[in-house]
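See structure below.
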Amino acid sequence: MTNPAIQFEKISRHFGDVKAVDEVDLEIRDGEFFSMLGPSGSGKTTCLRMIAGFDRPTSGRILLYGQDVSDLPPFQRDVNTVFQDYALFPHMTIEGNIGYGLMIKKVPVSERKRQVDEMLDLVQLPGFHWRKPSQLSGGQRQRVALARALINHPKVLLLDEPLGALDLKLRQQMQVELKAIQKKVGITFIFVTHDQEEALTMSDRIAVFRDGKIEQIGTPAEIYERPATTFVAGFVGTSNLISGETAKRITGDARMFSVRPEKIHLATANEKIPAEMYSADGVVREVIYLGLYTRYMVELDGGETLVVIEQNLKSTSMDVLKAKDQPTRLLWSKDHINHLGA
Amino acid sequence: MLTRISTYFYRRPNLSLALLLGLPLLYMFVVYLGSLFALLLNSFYYLEEFTGLVVREFTLRTYVTVFSPTNLGIFGRTAGMAAAVTIADALIAFPLAYYIAKFASRRARTWLYIAVTVPLWSSYLVRVYSWKLILAKEGILSWFINLFHMNFLLDWLLSLPEIGGSSLSLSPIGMFIAFCYIWLPYMIVPIQTALERVPKSLIEASGDLGASASQTFRKVILPLAYPGVIAGSIFTFSLTLGDFIVPQSLGNSRFFIGQAVYSHQGTSGNIPLAAALTMGPVVIMIIYLLLARKTGAFDAL
Amino acid sequence: MPSKYSAEKASLGLRLGALGTLLFLYVPILIIFLYAFTTDEKTFSFPLPGLTTKWFGVALGRADLWSALTLSLQIALIATASALILGTLAAAAVYRSNFFGKDAISLLLILPIALPGIVTGIALRSAIGSLDIPFSYWTIVIGHATFCIVVVYNNVLARFRRMQGSQVEASMDLGANSFQTFRYVVLPNIATALLAGGMLAFALSFDEVIVTTFTAGQQTTLPIWIFSQLTRPRDRPVTNVVAMFVILITFLPIFFAQKISAEASDTEGDK
């Protein structure tokens with residue numbers, strides 16, 4: 001069995017009194033697309049910077065394919081980074097930028113040229129050799145940054161919120177492309193983002209960070225369907241959290257559980273309750289028509305408000321708005337609730 | 001090899017920092033601060049008049065000399081000149097600064113800015129020299145005055161006590177003109193900077209509220225330019241206080257501070273007195289800076 | 001942006017005032033150029049009695065001028081070189097790290113141009129006197145370097161702060177060690193700032209007279225030569241020629257330095 005690509009052994013990073021990263025253990029497998037997801041200040045970027053070598057852990061060890069790299073400077077690690085602001089060299093051409101790593105390694109010019117061509121093809125920018133970074137659009141700079149890192153065939157590629165500066169359409173396109181490139185080159189990608197949708201779309205596995213610790217590691221489906229904590233349930237997608245009396249009334253168990261808004265069916269007030277379903281009665285307080293789907297805020301008889309999302313398969317905005325202030329019965333499958341630890 | 005050295009220093013950021021800072025700091029501490037300390041120290045020594053040698057023992061007697069009527073007169077004269085130059089420069093600087101900040105096109109603004117800053121940085125001495133040419137008795141200014149038959153006015157000015165003299169190039173009036181000229185760029189730049197910060201919306205708002213152009217100017221633009229004027233005045237005031245080239249070239253026997261310092265250290269070798277006299281401008285400037293800070297002038301620097 | 005104001009016209013009075021101030025700044029300089037060609041040897045009479053270029057030849061033949069010029073150039077070059085090294089080191093340190101006393105260091109570096117020159121001058125003179133250091137070429141260089149460092153420091157620090165993003169980290173990430181990163185990434189980024197700072201420092205040093213007076217002893221730099229002519233004029237026509245020469249040799253570097261800085265901040269604005 002091969003060593004894991006990256007292994008954190010009780011890694012901490014303190015800035016004065018602030019514990020940016022607090023005793024994190026982590027294993028990232030060879031060849032996987034791994035995302036670090038969390039709000040800003042949760043420690044995900046610090047973890048990335050420690051893998052790259054820009055920051056050194058206060059304590060603990062980082063292993064790269066079994067080799068302890070905790071003490072190595074960035075220029076001695078076989079890891080490359082795609083920066084959030086791309087960090088292209090403005091005084092160099094695109095060819096100079098992409099070939100930079102090879103130039104440092106003293107790869108002969110002809111060989112360097114061949115590899116730069118290859119990379120420009122890979123990121124779909126053929127013929128861009130002589131342009132300057134300032135002449136490129138945001139999306140194109142993004143691709144150059146990617147090519148500049150990949151040309152060195154690093155063991156691990158780090159991506160620090162690389163899509164943050166792009167507009168929505170371009171971002172979605174790049175998500176697909178990044179995933180395709182990763183499949184093609186077979187390198188371990190570590191992707192830092194605060195955008196849960198991005199993480200769910202691209203990752204093989206996701207680590208959710210909060211306050212310098214990892215809350216949960218799992219596949220996108222696990223994270224989404226079975227969030228381990230209330231934080232994960234709330235941060236990744238929208239969740240309805242129900243606990244105490246109301247929970248007991250619905251499931252016969254006072255433990256807190258979560259249920260996703262799209263799993264809930266909005267039924268008429270007296271609809272029959274199938275045996276495999278839970279139910280709750282309430283009144284629709286708010287109807288927000290969003291084109292593709294409609295979001296309802298339903299106030300339960302117990303006082304809680306649940307969010308319900310229904311796709312507008314047949315309904316129009318006129319239809320859905322009629323539901324406002326009407327009594328309703330909510331139904332959802334017993335399989336779709338998820339009991340939470342905390 | 002170089003990579004190994006790099007690695008060594010990368011692991012020791014504090015050592016790298018110390019290496020970067022070490023040389024410049026050592027220089028500034030030893031040479032500059034050391035000299036300032038020597039200056040302070042020397043001001044507490046005194047010159048033995050009979051031997052003409054500096055006696056290196058602590059005494060306040062040099063400072064007693066500083067407060068002699070002659071020297072107090074010098075301080076007063078210099079401070080008066082500095083104040084007059086500062087006020088005049090503020091008036092001369094304003095139109096150009098206002099024009100650059102608010103009316104010039106982007107291109108013109110760059111060029112005008114360069115036109116103002118080039119003399120700020122260069123040819124100080126030669127620019128003083130130009131006034132020797134202009135103000136000379138037989139020079140260009142006299143020729144113009146003659147042309148317009150204004151000689152009586154010039155003669156009357158030169159006959160005034162305190163500011164008059166044998167000719168423009170040997171009188172406080174001539175010095176005043178030269179000082180205004182030399183330090184003018186130091187006043188233009190901060191006023192321009194302050195005015196550039198006045199948002200357009202503020203001027204428009206004033207117009208919308210029914211203020212006339214001159215009311216807007218007086219009630220909105222002038223108060224906002226004020227920090228810039230104060231910032232500029234720090235330069236014009238301080239530079240005039242310490243200068244000895246202009247008084248030496250265009251003045252008469254009535255000394256200014258810089259000139260006194262210059263002559264004491266030179267001919268008589270009385271460094272203690274020169275040092276103690278220098279404390280005058282230093283103290284005046286510290287007070288001035290403390291007062292200026294309250295007006296928010298430092299933001300306009 | 002203030003440039004939008006160009007749509008409005010400045011009033012005639014303001015335009016005349018601005019023009020007047022501008023003329024006040026530049027006419028005296030033109031007058032120096034004019035006097036370099038006068039035939040009048042004894043006075044500064046105007047209108048010029050006649051025009052001649054013979055004083056340029058006379059000035060070229062003067063050994064005292066040549067030695068003063070050589071001394072001034074040597075000092076300016078050495079002071080500029082030291083300022084480039086020390087100023088860049090200090091700027092790099094202040095830019096890349098946060099440390100205790102960072103603001104104090106900026107203040108310390110700016111002090112020599114913030115205080116009147118005479119303070120620096122007499123301070124150095126006191127130190128030289130107290131330590132019985134003989135006046136030399138080096139006492140002048142040391143004095144000049146104190147105020148040249150800050151112009152290099154300011155220019156380079158401003159450029160560091162304008163440097164886009166994480167270029168240094170990117171370079172190291174791609175395998176370049178600190179020396180390679182400096183050579184291939186940092187140096188190209190700050191090159192024009194070094195050029196601008198260096199030219200400013202050179203011009204400042206070349207015509208500096210106040211501090212020099214206190215640190216030169218019996219040596220004569222070009223500005224000291226001119227200053228002696230200011231107080232006791234002996235060679236009026238030659239002085240006129242020298243004055244014109246000094247203007248040219250200091251105006252040009254400053255002009256280019258300012259232009260470089262203006263262009264650097266312009267490209268910044270375009271981004």
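For region A:273-302, a residue qualifies if it is within 27 Å of A:Asp253 (Cβ to Cβ), of a type in the set (A, V, I, L, M, F, W, C) and open to solvent by 70 Å² or more (accessible area, probe 1.4 Å), and the qualifying residues are A:Ile273, A:Ala275. Restricting B:Ile140, B:Ile145, B:Ile177 to residues that are within 25 Å of B:Thr86 (Cα to Cα) and either within 30 Å of the chain's Cα centre (by Cα) or at pLDDT 80 or above (or both) narrows the list to B:Ile177. The requirement of being buried (at least 21 other Cβ atoms within 10 Å of the Cβ), away from chain B (no Cβ under 12 Å) and assigned to a helix (DSSP H, G or I) is fulfilled somewhere in region C:230-238, by at least one residue.
In region C:97-133, which residues are open to solvent by 10 Å² or more (accessible area, probe 1.4 Å), more than 7 Å from chain B (Cβ to nearest Cβ) and touching a residue at least 60 places away in the same chain (Cβ under 8 Å)? The one that is open to solvent by 10 Å² or more (accessible area, probe 1.4 Å), more than 7 Å from chain B (Cβ to nearest Cβ) and touching a residue at least 60 places away in the same chain (Cβ under 8 Å): C:Ile128. Scan region C:135-153 residue by residue and report those that are open to solvent by 10 Å² or more (accessible area, probe 1.4 Å) and either free of Cβ contacts under 8 Å to residues at least 60 places away in the same chain or within 11 Å of another protein chain (Cβ to nearest Cβ) (or both). The answer is C:Trp138, C:Thr139, C:Ile142, C:Phe147. Here A:Leu88 fulfils each of the conditions (1) surrounded by 22 or more Cβ atoms within 10 Å (Cβ to Cβ); (2) touching a strand residue (DSSP E or B) at 6+ places or on another chain (Cβ under 9 Å) apart from (2). In region C:34-57, the qualifying residues are those that are open to solvent by less than 60 Å² (accessible area, probe 1.4 Å) and not in a loop (DSSP other than H, G, I, E, B), and the one that is farthest from B:Phe179 (Cα to Cα) is C:Gly57. A search for C-beta distances below 6 Å between a residue of region B:1-23 that is facing chain C (nearest Cβ under 7 Å) and without any contact (Cβ under 8 Å) to a residue 12 or more places away in the chain and any residue that is part of a helix (DSSP H, G or I) and small (Gly, Ala, Ser), counting only pairs 6+ apart in sequence or on different chains, returns B:Ser6/C:Ser178; B:Phe9/B:Ser16; B:Leu17/C:Ala93; B:Leu20/C:Ala92; B:Leu20/C:Ala93; B:Leu21/C:Ala93.
Within region B:5-57, the set of residues being over 30 Å from C:Lys102 (Cβ atoms) and at pLDDT 85 or above comprises B:Asn42, B:Ser43, B:Phe44, B:Tyr45. Taking region B:114-140 as the range and being within 7 Å of another protein chain (Cβ to nearest Cβ), among the basic types (Lys, Arg) and open to solvent by 10 Å² or more (accessible area, probe 1.4 Å) as the test, only B:Lys132 passes.
A:Asp17: over 25 Å from A:Gly138 (Cα atoms), in contact (Cβ under 8 Å) with a residue 60 or more places away in the chain, out of contact with any Cys (no Cβ under 8 Å at 6 or more places or on another chain) and away from every other protein chain (no Cβ under 14 Å), yes or no? Criteria not met by A:Asp17. C:Ser261 falls short of the stated requirement of being within 12 Å of chain B (Cβ to nearest Cβ) and either open to solvent by less than 30 Å² (accessible area, probe 1.4 Å) or in contact with a Cys (Cβ under 6 Å, 6 or more places away or on another chain) (or both).
Note on region B:156-179: among residues that are of a type in the set (Phe, Trp, Tyr) and touching a residue at least 12 places away in the same chain (Cβ under 8 Å), the one that is least open to solvent (accessible area, probe 1.4 Å) is B:Phe179. Going by what's in this entry, would B:Phe237 be described as part of a loop (DSSP other than H, G, I, E, B), modelled with pLDDT of 85 or more and either within 23 Å of the chain's Cα centre (by Cα) or closer than 30 Å to C:Asp132 by Cβ (or both)? Criteria not met by B:Phe237. Exactly one of (1) within 23 Å of C:Met172 (Cβ to Cβ); (2) open to solvent by 10 Å² or more (accessible area, probe 1.4 Å) is unmet by A:Asp167. Its number? So A:Asp167 meets the others, but not (1). Considering (1) among the β-branched types (Val, Ile, Thr); (2) open to solvent by 20 Å² or more (accessible area, probe 1.4 Å); (3) in a helix (DSSP H, G or I), the lone condition that A:Thr246 does not fulfil carries the number (2). Any residue at all in region C:231-242 that is assigned by TED's automatic domain parsing to the domain that holds C:Ile75, in contact with a Ser or Thr (Cβ under 6 Å, 6 or more places away or on another chain) and under 15 Å from C:Asp64 (Cβ atoms)? Among the residues of region C:231-242, not one is assigned by TED's automatic domain parsing to the domain that holds C:Ile75, in contact with a Ser or Thr (Cβ under 6 Å, 6 or more places away or on another chain) and under 15 Å from C:Asp64 (Cβ atoms), which makes the answer no.
Within region A:30-78, the set of residues being in a loop (DSSP other than H, G, I, E, B) and among the basic types (Lys, Arg) comprises A:Arg56, A:Arg77. Evaluating B:Leu168 against the criteria (1) within 7 Å of chain C (Cβ to nearest Cβ); (2) in contact with a Leu (Cβ under 6 Å, 6 or more places away or on another chain); (3) of a type outside the set (Lys, Arg) leaves one unmet condition, (1). With respect to the conditions (1) away from chain C (no Cβ under 13 Å); (2) within 23 Å of A:Ala5 (Cβ to Cβ), A:Arg148 falls short on a single one, namely (1). Put simply, of A:Arg56, A:Arg13 the only residue that is touching a helix residue (DSSP H, G or I) at 6+ places or on another chain (Cβ under 6 Å) and open to solvent by 10 Å² or more (accessible area, probe 1.4 Å) is A:Arg13. Contact list please: Cβ distance under 8 Å, first residue in region A:62-73 and closer than 11 Å to B:Arg11 by Cα, second residue assigned to a loop (DSSP other than H, G, I, E, B), pairs at least six apart or on different chains. Pairs that qualify, where the first residue is closer than 11 Å to B:Arg11 by Cα and the partner is assigned to a loop (DSSP other than H, G, I, E, B), are A:Ser70/A:Arg56; A:Ser70/A:Pro57; A:Asp71/A:Arg56; A:Asp71/B:Arg11; A:Leu72/A:Gly53; A:Pro73/A:Gly53; A:Pro73/B:Arg11; A:Pro73/C:Asn177. Scanning region C:78-96 for residues that are touching a His at 6+ places or on another chain (Cβ under 9 Å) and within 10 Å of chain B (Cβ to nearest Cβ) yields a total of 2.
Of the residues in region A:107-123, at least one is more than 32 Å from the chain's Cα centre (by Cα) and touching a residue at least 12 places away in the same chain (Cβ under 8 Å). Scanning region A:303-318 for residues that are surrounded by 15 or more Cβ atoms within 10 Å (Cβ to Cβ) and over 27 Å from the mean Cα position of the chain (by Cα) yields A:Glu304, A:Asn312, A:Ser315. Selection over region C:218-227 of residues that are in contact with a Ser or Thr (Cβ under 9 Å, 6 or more places away or on another chain) and either outside the structural domain of C:Leu131 (by TED's automatic domain parsing) or open to solvent by 30 Å² or more (accessible area, probe 1.4 Å) (or both) gives a count of 3.
The residue that is farthest from A:Ile62 (Cα to Cα), counting only those in region A:92-123 that are within 11 Å of chain C (Cβ to nearest Cβ) and either acidic (Asp, Glu) or open to solvent by 60 Å² or more (accessible area, probe 1.4 Å) (or both), is A:Lys106.
The values are calculated or read from the model by the stated rules, or taken from the named source; none is laboratory data. Since we're looking at a predicted model, the values are computed, not measured. Neighbour counts are summed over all protein chains in view; Cβ atoms, including those assigned to glycine, are modelled from backbone coordinates with ideal geometry. Ligands, DNA and RNA are excluded from the accessible area calculation, which covers all protein heavy atoms including side chains. Shrake-Rupley method; radii C 1.70, N 1.55, O 1.52, S 1.80 Å.
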